[in-house]
Each structure stands twice: as C-alpha cells, then as structure tokens.
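Trainee: Please read through the structure below; I'll follow up with questions.
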Amino acid sequence: MMNCSITHWHRMLWGSLAGIFLLSCSADRTDGNKALVDGQHSFAGETITLVIGLDASAGGTTVGRLLAKHLETYLAGNPTVVVNNMPGASGLNAHLHVLLKAPKDGTTVYYGPRSSLGELLELPGFSFKYSQFTPLGGVQIGGLVIYARTDAVAGGVSEPQSVIGTTTLRFGGMPPEHGRMIISTMGLDLIGANYKYIAGYPSSGNIRAAIISGEVNVATDAAHSYLNQVVPVLVDEGLALPIFSMPMLNADGELVQNSMVPDVPSLPDLYASLHGEAPSGIIWDSITTLLELDQTMQHVFLGPPGMDRAAAETFREGLEAAMNSVAFRDEAQHILSYVPGYVGYRRQTEILGATANVSPQVLEYIKAHIEKNSRY
Amino acid sequence: MFEALFEGLGLIFQMHVLGYFALGCIIGIVMGAIPGMGGAIGLVLLLPFTFSMEPVAAFALLLASWASTSTSGAITAVLLGVPSTAASQATVLDGYPMAKRGEAARALGASFTASAIGGVCGAAALGISLPLILPVILAFESPEQFMLGLLGLTMVGSLSGQSITKGVAAAMFGLLLATIGLAESQAIPRYTFGTLYMLDKLPLIPVLLGLFAIPELMELALNNVSIARTGKSGDAAEGLRQGVRDAFKHWWLVVRCSVIGAYIGMLPGLGASIVGWVTYGYAKQSVKDNSLFGQGDVRGLLAPEAANNALRGGALIPTLALGIPGSVGTAILMGALIMHGLRPGPSMLSTELPMTFSFVWMIAIASVVATLILLKTVNQVVKVALLPGQLVVPGVLLFVFMGAWLGDASIGAWVSCAVFGVVGFLMKRGGWPRPPVILALVLGEILERSFQISTRIHEGPGWLGRPIVLVLLLIIVLTIFLAVRGVARDKSAGTVAAGEASEKNPAVSLPFAVLLFVGFACAAYTALDWPPSVRQFPLMISGSGVLLSLAVIIRDLLHLLVTKKALGTWRVTLQQASHDARLASALPFFAYVFGMIMLTLLVGQKIALPLFIGLYVVRWGNYRKRVALAYSLGSWAILVFFYDQVMHLLFHPSYLALWLQPILPSSVPDWLFL
C-alpha cells in the first residue's frame, strides 16, 4: 500500500514537472517565432523587461508603465513588456545592470532618468559613459518652473521682479549637485535675485512641504508637478507666485517657451524685460549648456552595448509609433495630466554626446556654483 | 461636515465598489503576510488596473489593500518572529514570545482586534480634528521634526532591556548606519566601501530581516523545536477569544496608541517605521507593571498593532490636503489621485470633502473587514507554530531572502541581510538590545537632515527657542527620566531579566563591543577628511559611540574576570561561553547561508534557493530525500510562478545565465531555471 502510494506520488510529481516543461516549450514554440516580419526584427513571443532606475512610487515609474503598455501594441511582434524597478544607488544599479548584464537581443532595456551631469562632473558611482549604451530614444517630461511664496520679501511678491535685489529668499533644495537645482539657482543668479541655498531636502515633496509651512520661500518644480501640486495648494490660494519658467530646446535646438505653462514668463523673456536685451555671459552659457545636457530629455531608453541592430531598429520604430499614437497621448493626458514628448534616438545621441563639448569655462563655472551652494 | 461624513459613507455602499473593496482586502492580507512586500508593493501591482476605473471604485481597491497589510503584517511577526513590514517591527517583541509559549492564537486574536480598533479610532480622531489639523501639521517645520525624531530616539530607554549603556551604544551604531551613502547636503559618499549598493543609503528591510528574523530562525534550526516551545498550542478557539477579550480589556491603551498612531501618521517622513517603537515605548512607560514586557505581555502587542493601522488614516491627510506624501505608499496614492482627476489641495477639505471622508471610511472599514477575515483563519494559521523547526526554517528563509531582494533587486541586499543576521545573532547572544539599532537607523536620516536645515535657516541654534521645540524638549527630559528610573527600579528590585537583551555572556558581548569601538574609531577618523556639513553627524555619533562602547568593554571585561575566577581558567571560561552561545552550531548555519549567496552568484536564485532548501532538509533536518525534493520543488514553484510570473521580479543575472542564455535555442524555456 505504502509503496503504491509512493509510486503514485512519484508519477504525479514527475508527470507535473514534465507537463510544465512541455507546456512552456510549446508556448514558446507557438509564439516564439522570431523570424523577420516584412524584413524586420520581431519580438513575437518575447518578454521585454524595462529596468527602471526609480522606485515604484516615482512619477517616472508611472510614465514607464504607461509606455510599457503601449509598447506592447506598437513593437513588432507584440511582445509582453514588463517593468522592474531597480532604484538602488540613484538608478546607477539599473544603468549598470543593462550595461554589463543585459542580453544583446533587446529583451532587457533601461528606462528612466539619466544624469549626463553626473558623467560630466564625475560624481560618485559614474564608472561609465552614456555613449557606451545603444540609444533607443528619449522622453521629454517637461521643463521647470521656479516659484516663490508671496510673503518671501517685505511688501510681498506681486510680480516676478519683486524678488530681485532682496536678501530674504531661502531656496529649498536637494543636494547642490542636482541638475534641477543648479540650473534653477543659476536662473535666479541671472536675474539678480539673492538667495540662501538650503540644501538637504530629499525630494520635491519635502520641498513643497517646506514651502507650504514657510520654512523656505523659493523653490523649483517640474512643470507638471507645479500645475498639479503647487497651483492648487499655493498659487490658487494666493500663497505663491511663479517667477519664471525654464525655456525648452526644440528638435532643432532652438529655445522655446514651455507650452505647459504658457502664462509663466520664460527666463530669457524675463531677463529681456528687465535689461532690455537678450541674456548672455557665462551664467547664460552655463544655463544653455545645462538645458541641452540635463533638461531636454529627462528620461531615456538605453539598450546594452552592441545590442542586436535589427532589434534596436525595431525598438526605436515601435517607441516612436507608440509615443506619437493618439491612444498613448490620450491616456497620458488622462493619467499624467500631460503628454511626454518623444526624442528620437539621433537627437538622443547628440544630447548624450554633449558632455564632450562642454567648454572648460562653463565646467569651471558649474563647479564653482555647486561649491557656492554647498557652503554650510 | 456631518453631511459630508455620511455622503462619504454613501459613496462606498455601491455593489461594484464593495466588490473591489473586498478584493482589495484579500490582496492586502496576502501582501502583508509575505515578508518584504508591504502596502506599497501591493499598490504598485494594483495601480495599473485602476487606470480605467471610476475614482471611488479605484480607491476602494487601493485603500482596502493598503490598509489591510498593516493588519496581516502581525502574522509572521507573531508566528515566526519575522517582521514582514516596517510597521510590524515592534510586534515581534511580545508577539513572538507569546507564540513560543503556545499562545499564538491569543496573540493573533489580540493583534487583529487591536488593528480593527486602531483603524476605527484613527479614522475617528481624524474626522474630529480635520478642521483644525492643517495648522498643526504646518507648525511642524524642521526644528520640530528634529525634536520629534529625538523624542522617538529616547524610546531607546524603553527598548534597552537592563543596560541603558548598551542600548544607547546600539542606538549610536544604528545612527552611524544611517549615515551610510551620499550625504543629503553634498554628494559625498560616506562609508560605502566603494560599493554601489550602499551609495543611496542602507535599505531598512534587509537590515531588519537580518537582525530579527535570522537569529530567531537559527534558534529554531539549532534546537529543532517547534515555534510553540511547549510542543502544543492551547485550544486555538479559546486562545482567539482570549485575545479579542484582551484587546477590549485594555481598550484605553488601544485607543491612546491609536490616536498617537494617527497623529504620527500625519507628520510626513516619520510614519510607519517608528510608530510601532514609539507606541511600544509609550505603553511600557505608561502601564503600572511592565515587568513582563518583552516576554509576551499582550499589552506590548496591542500598542503597536493599534497604532500601525491608525497611522494609515493619518498619513492620508497631508497627502490629500497638502499634496505632501510622507511615504512610498502615500506617494503612490497621490499619483493615483492625480490620475483620477483629483487634485490634492485645500479643495479636498472643502468641495471634495465627501470624497476625502469616503477614503477615511474605507481605511476604517478595511481594518475591520481584514480583521474579520483573519480571525476566521487563525485556527489554521496557528498550526505553523506546531511544525518542527527544521521544516519551518528553510521555507521562511526563502521568504526572508526574497523579501530582502524585493527592494532594489541587488545581491547587496542578500549580503546585507546575512551580515546583519550575524550581527543580530551576536547581539542576541551577547545581551545587546536590537530594537535601538533599527529605531536609530530609521531616525538617523531625519535627525541629520532636520538638524542641518534648521541650523542653516536660523544660522545657528536659535531654533531651540521655538515654543513647540521647548515643549518637546520637556517631554524628552521627562521620558529619559522615566526610563532611567524604570531601569534603576528593576535593578534595585532584583528583577530577573528576560526577553530582549536578557542573555548575559560577556565573552560574546566583549568582542562585539570591541568591534563597535574599532568601528566607531575608524568612522571618526574617516570623517575628518570630509567637509563640515558631511562630517558633522558622523563625528558626533562616532565620538559618543567610542565612549559608550569603551564603557561596555570595561564592564564586560570585569564580568569576564569574575567568571574566569569562578571557572578557574580562560580555556574553560571561553569554552563555557561558546557552549552557552552555541557558536559551534551557529558557524555551519551561517556557512550554509553564505554558501547559498555564493551559489546564487554562480547559478541564480531559481537553482540556488531550491538546492539550499533541499540540502538543508536532508542534512540538518534528517528528512528523507523525497521530502526534501518535494520541498525544493515547492520553493522553486513559488520562485518561478509567484516571484517571477506574478511579481515580474528581476532575478540575479548569474554567471550561468550570462553564459547559457545567448547559446540556448529560443524554444528552451530558460525562465524556468535562469
């Protein structure tokens, strides 16, 4: 009896195992046709993993998940696209995972923020260059808006010019090496606003909290966060006012007003209204350099070095089609309340390569600016 | 206001909303019971499904799941001594000793009931104080947050067992661990040893699981006893009823801790990680007879469990009203709000007030529903406490290590978990309290940040004169006084130490103290090269740590000399100490664990973990090979079908995978084993 039950148990066990294996093989065979479809690589039957260098709660992860959903429709072969968060070391672990360990067939791709500034300044952990990756395309999340509490200066802030020449501004910031902080405070320097840089806030949410309580009175935020979280809590209540928005670089490399905040004066316009001329000089050169390096393409898709060419091409085409599709744009507007912009891989390559073209004067100025904001 | 309150309740009572609500509760219960998962991961998994849902149904699903994790988090904390979420850390202290005593059903009944009461009381506290709450939240700027963090740290006094010196030294160790990674004030790496894993900061969950879970599992492995040391669990149904009665008997404590939990939840940044410790410390100091705290006093279980459910409602307020999420979970919820066209801001407390109240209702009702579901399952769940230790250990180790892995999918998490397993073992055997390490690790970052921001803004210590700061300072002094008086009273009364930090083995404590001394000294020396804002905290911590560890070294040396005098020779003394600490048995256990990590580097988790489990069951458990095979296959199925196919977890890209994947034909389903 006992032997019989053991034999039965063994049979069931091995039978189940064999079943799982055969099912998996047959599933792969049914869908796993990687043959070329119309001369193109196909991801049919594949699972593509987007390794996201952010934690699951970050807004960028939501963008990544949305893109993953639409990539399933627009990538040739309609693969399954899954998202994995690898936030460690500010996303550097995710970069290195794709750089060193991802297969070359395009089934593992990096998505998320990149820091060309980290590469330029050789910040801790940057043991690689972005030019080592296979560029697949980028995403423009939106520019920056710098705003101040209306009680930031004596007499109140009634217009952007009110903050100039005062000594009571306290800028709530993350570590001074953060690209968004550097360019925003350089903008304040450019228009002649004096401020004390209060470093140490770990996130934009903490800075917004400090602005609301009045602990600091000037801050910067991404345009969509400004619209969704600053406007209803502070601007609509008469507690804050936008000072300026950072301009954006369009596909031709020209400076344009941020279309998400058309009513907020852009930095060059504000400067021109104050000085009667277009901005120039080392501060402006540094700002335009940082716009190209850090603010034009906030998120990137990167493949491993030496990624299969046909797979890379298919991915690029699928990404472009997905991001320009009406379905994606409508859903993005509904879910994110803005539509992320598409950056083609050629433009991406230019932006990633821009670190090599930074002039020594600008580099020195950026370092000196960080040093100034680091004083304790 | 009352109209909005009932309108909010009415929003929930729609058939499809109730359906999503029930589904959310069940998902939340499962997520909360698996180590490392927690509410935030449940939200991440559910969020994409809500894209096309209408707001009330979407939030019924999300909030029910989020609130239920706090309730079910008690299961592993009580049964296995493994805190499955950050919110259930303090539950271990008295919950696990109760399970060991064969009172698992009573402990679970008490904790689930306290969770339900906590959820309801927390929501009620919010409802009552909603009109007044915003000015209070806004009054807590960096100086007040620093003092509140410091107040949290004074709970070390209640968590230190019989040696305040060891407790404070352990807290300094935790604070030093909190300085690991890039400084907030400047991108300079501190104590990372060149590794990327520690560049951000040391993640909490692997440290928590290592410090608490691994020493307990090792004890089970070495003794091969069931969790219920008596070998039998009392009548589960009666135990359950007793637990429910306990919660109502101590209703005033439960209500007070719920209110504390709700208000701590409102302060962004503090949250789940400290609320358990703070309310545990509060309960211990506020009850008349606390001599059984740490040894299975049900009040030590009720306090954190009530608070961690009440916290959820509190955490919603700054998220909804100010757009300030205080945790990963609330950040995801805020994203969901925006997705569904709701803008966080004052409108959530005016025009959208019924919606806000419906969210508060959902959290309160989810706590109750989750409790009712869980109470039904207790009879079955407590049977785990009767399983032989050797059968429990490998399966739990799988969940512990995968729980550690969930955070950032790095092998560093496993190394961290295993290393802190060794540290936890040494601390436990040497009579060092472990809770202060975790409490300080959580609070360290908040303390450093808020201290430096306060000093920067006020250009000096001027912030110390702010009214709330002074009130908090007074409470801190009072708390320290009460803690010192309590320890002194215990010593003078000759109370026999038991529970956390009760073991006395100077031969194990001394080397650990020496290690800490050397660690603090090296940390101080390294910090000298950094700029002022980066070195300030590490220097303060390591300076104090050097002195405190030196004090422990001197005391341990004296104890050791006394022991040596009693036993005759150093050899006998050390042999006895090693025997008491079971060092000889512990070494092979850790060798297995580190061996598993090495094997994972070579062949990946899907092969290494089942192999480790099979080997363990055969070699340590002396079970038959077919039992080991079935266990291994079960573990492999969990890895492949749950963690891979459901969770879409990124597994370690092993050398085998890197070599084999490019040459395998596409028809081979490599995801089954690589």
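The values are calculated or read from the model by the stated rules, or taken from the named source; none is laboratory data. The model shown is predicted, which means the values in this text are computed figures rather than measured ones. Quick reminder, even Gly has a Cβ in these numbers, built from the backbone with ideal geometry, and neighbours come from all protein chains shown. Remember, those area values only see protein heavy atoms, side chains included, never the ligands or the DNA or RNA. Shrake-Rupley method; radii C 1.70, N 1.55, O 1.52, S 1.80 Å.
Trainee: Regarding segment B:648-659, can at least one residue be identified that is aromatic (Phe, Trp, Tyr) and open to solvent by less than 40 Å² (accessible area, probe 1.4 Å)?
Mentor: Taking segment B:648-659 first, the residues aromatic (Phe, Trp, Tyr) are B:651, B:655, B:659.
Now restrict to residues that are open to solvent by less than 40 Å² (accessible area, probe 1.4 Å): B:651.
Scanning segment B:648-659 turns up at least one residue that is aromatic (Phe, Trp, Tyr) and open to solvent by less than 40 Å² (accessible area, probe 1.4 Å).
Trainee: A follow-up question, please. Could you tell me whether B:Val484 is part of a helix (DSSP H, G or I), open to solvent by 20 Å² or more (accessible area, probe 1.4 Å) and modelled with pLDDT of 85 or more? Even if it seems obvious, please write down each step before you answer.
Mentor: Numbers: part of a helix (DSSP H, G or I): yes; open to solvent by 20 Å² or more (accessible area, probe 1.4 Å): yes; modelled with pLDDT of 85 or more: no.
Here the answer is no, as B:Val484 does not meet what is asked.
Trainee: Quick one: which residue in B:Ser358, B:Ser367 is assigned by TED's automatic domain parsing to the domain that holds B:Tyr20 and either among the acidic types (Asp, Glu) or closer than 30 Å to A:Gly60 by Cβ (or both)? Give the derivation first.
Mentor: Values: B:Ser367 fails: either among the acidic types (Asp, Glu) or closer than 30 Å to A:Gly60 by Cβ (or both).
Of B:Ser358, B:Ser367, the one residue that is assigned by TED's automatic domain parsing to the domain that holds B:Tyr20 and either among the acidic types (Asp, Glu) or closer than 30 Å to A:Gly60 by Cβ (or both) is B:Ser358.
Trainee: Which condition number does B:Val328 fail, the rest of (1) surrounded by fewer than 24 Cβ atoms within 10 Å (Cβ to Cβ); (2) more than 8 Å from chain A (Cβ to nearest Cβ); (3) of a type outside the set (Lys, Arg) being met?
Mentor: Checking B:Val328 against (1) surrounded by fewer than 24 Cβ atoms within 10 Å (Cβ to Cβ); (2) more than 8 Å from chain A (Cβ to nearest Cβ); (3) of a type outside the set (Lys, Arg), the one that fails is (2).
Trainee: Something else now. Any residue at all in segment B:453-472 that is assigned by TED's automatic domain parsing to the domain that holds B:Ile41, crowded, with 24+ Cβ neighbours inside 10 Å and within 21 Å of B:Thr179 (Cα to Cα)? Steps first, answer last, please.
Mentor: Step one: of segment B:453-472, the residues assigned by TED's automatic domain parsing to the domain that holds B:Ile41 are B:453-472.
If we keep only those that are crowded, with 24+ Cβ neighbours inside 10 Å too, we end up with B:453-454.
Still in the running and within 21 Å of B:Thr179 (Cα to Cα): B:453-454.
Yes, that holds for at least one residue.
Trainee: Within segment A:212-222, track down each residue that is facing another protein chain (nearest Cβ under 10 Å) and outside any loop (DSSP other than H, G, I, E, B). Steps first, please.
Mentor: Filtering segment A:212-222 down to residues facing another protein chain (nearest Cβ under 10 Å) leaves A:212-216.
Hits for segment A:212-222 are A:Ile212, A:Ser213.
Trainee: I would also like to ask the following. If I ask for residues that are touching a helix residue (DSSP H, G or I) at 6+ places or on another chain (Cβ under 8 Å), open to solvent by 10 Å² or more (accessible area, probe 1.4 Å) and in a loop (DSSP other than H, G, I, E, B), which ones from segment A:237-266 would you list? Quick ask: steps written out before the conclusion?
Mentor: So the first thing to find is which residues in segment A:237-266 are touching a helix residue (DSSP H, G or I) at 6+ places or on another chain (Cβ under 8 Å), and the list is A:237, A:239-249, A:251, A:253, A:255, A:257-258, A:260-261, A:265.
Pick out the ones that are also open to solvent by 10 Å² or more (accessible area, probe 1.4 Å) and you get A:237, A:239, A:241-242, A:248-249, A:251, A:253, A:255, A:257, A:260, A:265.
Hits for segment A:237-266 are A:Glu237, A:Leu239, A:Ala251, A:Gly253, A:Gln257, A:Met260, A:Pro265.
Trainee: In the same structural domain as B:Gly81 (by TED's automatic domain parsing), under 19 Å from the mean Cα position of the chain (by Cα) and at pLDDT below 80: is that true of B:Gly294 in this structure? So that I can check it myself, show each step before the final result.
Mentor: On the way: in the same structural domain as B:Gly81 (by TED's automatic domain parsing): yes; under 19 Å from the mean Cα position of the chain (by Cα): yes; at pLDDT below 80: no.
No: the conditions fail for B:Gly294.
Trainee: Determine which member of the set B:Val156, B:Val168 is open to solvent by less than 20 Å² (accessible area, probe 1.4 Å), within 21 Å of the chain's Cα centre (by Cα) and away from every other protein chain (no Cβ under 14 Å). Let's see the steps before the verdict.
Mentor: Details: B:Val168 fails: open to solvent by less than 20 Å² (accessible area, probe 1.4 Å).
Exactly one residue qualifies, and that residue is B:Val156.
Trainee: Continuing with the same structure: How many residues, within segment B:510-557, are within 14 Å of chain A (Cβ to nearest Cβ) and of a type in the set (S, T, N, Q)?
Mentor: Result for segment B:510-557: 2.
Trainee: Please give the number of the condition A:Tyr338 fails out of (1) open to solvent by 40 Å² or more (accessible area, probe 1.4 Å); (2) within 14 Å of chain B (Cβ to nearest Cβ); (3) in contact with a His (Cβ under 6 Å, 6 or more places away or on another chain).
Mentor: Unmet condition: (1).
Trainee: What residue, of B:Val400, B:Val422, is of a type in the set (Val, Ile, Thr) and open to solvent by less than 10 Å² (accessible area, probe 1.4 Å)? Before the answer, list the steps.
Mentor: Values: B:Val422 fails: open to solvent by less than 10 Å² (accessible area, probe 1.4 Å).
It is B:Val400.
Trainee: Examine segment A:104-115 for a residue that is charged (D, E, K, R) and crowded, with 22+ Cβ neighbours inside 10 Å, and state whether such a residue exists.
Mentor: Checked segment A:104-115: at least one residue is charged (D, E, K, R) and crowded, with 22+ Cβ neighbours inside 10 Å.
Trainee: Identify all residues within segment A:238-257 that are touching a Leu at 6+ places or on another chain (Cβ under 8 Å) and among the polar types (S, T, N, Q); write none if there are none.
Mentor: First, the residues of segment A:238-257 that are touching a Leu at 6+ places or on another chain (Cβ under 8 Å): A:240, A:243-249, A:255-256.
Selection gives A:Ser245 alone.
Trainee: Please go through segment A:245-264 and give me each residue that is of a type in the set (Asp, Glu) and under 17 Å from A:Ile287 (Cβ atoms), ordered by number.
Mentor: Kept after step one, since they are of a type in the set (Asp, Glu), are these residues of segment A:245-264: A:252, A:254, A:263.
Within segment A:245-264, just A:Glu254 meets the criteria.
Trainee: Here's something else I'd like to know. Go through segment B:628-645 residue by residue and tally those that are away from chain A (no Cβ under 11 Å) and either touching a His at 6+ places or on another chain (Cβ under 8 Å) or β-branched (Val, Ile, Thr) (or both).
Mentor: Number satisfying all stated conditions: 1.
Trainee: So in segment B:332-354, with the set limited to residues that are open to solvent by less than 30 Å² (accessible area, probe 1.4 Å) and not in a helix (DSSP H, G or I), which one is modelled with the lowest pLDDT? Step through it out loud before you land on a result.
Mentor: Our first condition is that a residue be open to solvent by less than 30 Å² (accessible area, probe 1.4 Å); within segment B:332-354, this holds for B:332-340, B:342, B:344-345, B:348, B:353-354.
Checking which are not in a helix (DSSP H, G or I) leaves us with B:340, B:342, B:344-345.
On the way: B:His340: 80, B:Leu342: 79, B:Pro344: 77, B:Gly345: 74.
Ranking the qualifying residues of segment B:332-354, first place goes to B:Gly345.
Trainee: Considering only residues that are among the polar types (S, T, N, Q) and either surrounded by fewer than 16 Cβ atoms within 10 Å (Cβ to Cβ) or touching a Cys at 6+ places or on another chain (Cβ under 8 Å) (or both), which ones fall in segment B:510-561? Explain how you work it out, then say what you get.
Mentor: Narrowing segment B:510-561 to residues among the polar types (S, T, N, Q): B:526, B:533, B:536, B:542, B:544, B:549.
Listed by number, the list holds a single entry, B:Thr526.
Trainee: Tell me whether segment A:126-139 contains one or more residues that are surrounded by fewer than 21 Cβ atoms within 10 Å (Cβ to Cβ) and touching a His at 6+ places or on another chain (Cβ under 8 Å). Show your work before the answer.
Mentor: Of the residues in segment A:126-139, the ones surrounded by fewer than 21 Cβ atoms within 10 Å (Cβ to Cβ) are A:126-129, A:131-132.
Subset that is touching a His at 6+ places or on another chain (Cβ under 8 Å): A:128.
Yes, segment A:126-139 has at least one match.
Trainee: Looking at (1) at negative phi; (2) under 21 Å from the mean Cα position of the chain (by Cα), which is the one condition that is false for B:Ala409?
Mentor: (1)
Trainee: Next up: Suppose we keep only residues that are at positive phi, without any contact (Cβ under 8 Å) to a residue 60 or more places away in the chain and in a loop (DSSP other than H, G, I, E, B) within segment B:178-209. Which one would you say is farthest from the chain's Cα centre (by Cα)?
Mentor: B:Gly194
Trainee: Looking at segment B:553-568, I want the residues that are at negative phi and have a partner that is in a helix (DSSP H, G or I) and open to solvent by 90 Å² or more (accessible area, probe 1.4 Å) with Cβ atoms under 7 Å, at least 6 apart or on another chain. Which pairs are those?
Mentor: B:Lys564/B:Trp570
Trainee: Continuing with the same structure: Output the qualifying pairs, or none if there are none: Cβ atoms under 8 angstrom, residues six or more apart or on different chains, first residue in segment B:618-647 and on the phi > 0 side of the Ramachandran plot, second residue in a helix (DSSP H, G or I).
Mentor: Correct list of pairs: B:Asn622/B:Gln390.
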